[in-house]
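Accompanying notes for the structure given below.
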Amino acid sequence: MSSNCDVLVVGAGPVGLFLACDLTRRDLDVRVVDKNDGPTDLSKAIGIHARSLELFQDLGIIERAIERGQIENGALFYSADHFLADIRLDKLDAPYPMLLDLEQAQTERLLMERLAELGGRDERQTELVGFVQDDEGVTATLKTSSGEETCRARFMVGCDGAHSAVRHGLGSDFDREAFPGNMLLADVKLDWELPPTASWSNSAMTACSLLPPSRAAARGSSPMSPAM
Ligand SMILES: Cc1cc2nc3c(=O)[nH]c(=O)nc-3n(C[C@H](O)[C@H](O)[C@H](O)COP(=O)(O)OP(=O)(O)OC[C@H]3O[C@@H](n4cnc5c(N)ncnc54)[C@H](O)[C@@H]3O)c2cc1C
């Protein structure tokens, strides 16, 4: 089977979904494909900053994002036994002077909804397994639950995350260094006596902050010792 489109977006995370929405509303014929069978169910990126909120406004999803999230006008920081700092965000020179707490799972669902309203759709269980490009465009090979298909696109955009198949296929460098050691990251339930907007860390750099919107769970992170 083969198909044509203007733009093939590989990856339906926040970046791919946002791009698909933006190109679709500009009347381009867009396909957005993802190898997973649905959006993430993890909290991942939990804080949306002022400039991103302006882009949400432009895309027509700001009201829904604010309704589903939690507005933070500032953040309080505590160490193991004392108060460290109060950082205000409501003085920012921006239309939405705040941090919006919204789990990435919610952000992705919001963008999928908007894409559907604009007449688009994210195609799941569809993995980019190869591609070749020429002067006019790209021919991509996609693996779906019913076999392989070919997609011919004027442009292909790699929004396929840290281990990007598009980047590898292009042979592009990704110049970076990893921090030594492993981090333990977990969404947990815990008893919390500090204010809801507080973040806490101790001298071993274990850090905790409450997750939106119910604040019934907290995000904790800690360096892992070899014994853990
Ligand atoms: C545990 C964890 C915690 C995090 N916490 C934070 C945080 O607190 N704050 C913060 O700002 N960021 C955080 N991040 C990072 C944040 O999640 C990423 O920056 C964000 O997801 C990047 O979005 P993206 O759309 O570029 O890529 P991704 O969200 O990685 O999406 C890429 C998509 O491409 C798909 N894909 C990959 N390869 C293919 C292929 N060959 N064919 C088709 N589809 C493919 C994947 O299935 C995936 O859905 C965290 C990440 C993790 C893993």
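Remark: Lys91, Lys143 ranked as Lys91, Lys143, counting other beta-carbon atoms within 10 Å and listing the fewest first.
Take the Cβ atoms of Gln133 and Arg51, set R0 to 41 Å, and the FRET efficiency comes out at 0.80. Mind giving me the FRET efficiency for Ala80 and Gln125? R0 is 45 Å, r the Cβ-Cβ distance, nearest 0.05 is fine. For R0 = 45 Å, the calculated efficiency reads 0.45. Between the amide H of Gly47 and those of Leu102, distances stay under 5 Å, these residues lying 5 or more places away or on another chain, with hydrogens modeled in the peptide plane. Taking every C-alpha pair closer than 8 Å and separated by at least 6 residues, the mean separation divided by the residue count of the chain gives a relative contact order of 25 percent.
What FRET efficiency comes out for the pair Asp187/Thr150, r = Cβ-Cβ distance, R0 = 41 Å, nearest 0.05?
Using R0 = 41 Å, I get an efficiency of 0.55.
Based on DSSP H segments of at least four residues, each scored -39500 (n - 2.57), the chain has a per-residue ellipticity at 222 nm of -6500 deg cm²/dmol.
With both partners inside the chain, how many of the DSSP beta bridges are antiparallel, as a percent to the nearest 5? Given both bridge residues lie in the chain, the antiparallel proportion sits at roughly 70 percent. Which one of Gly74, Thr144, Val32 is farthest out on the positive end of the charge dipole of the chain, using unit charges on Cβ (Lys, Arg +1; Asp, Glu -1) and the Cα centre as origin? Going by the Cα projections, it comes out as Gly74.
Values quoted throughout were computed directly from the atomic coordinates according to the rules given, and no laboratory measurement underlies them. Model, not experiment: these values are computed from the prediction. FYI the Cβ positions are ideal-geometry reconstructions off the backbone, even for glycines, and counts take in every protein chain you see.
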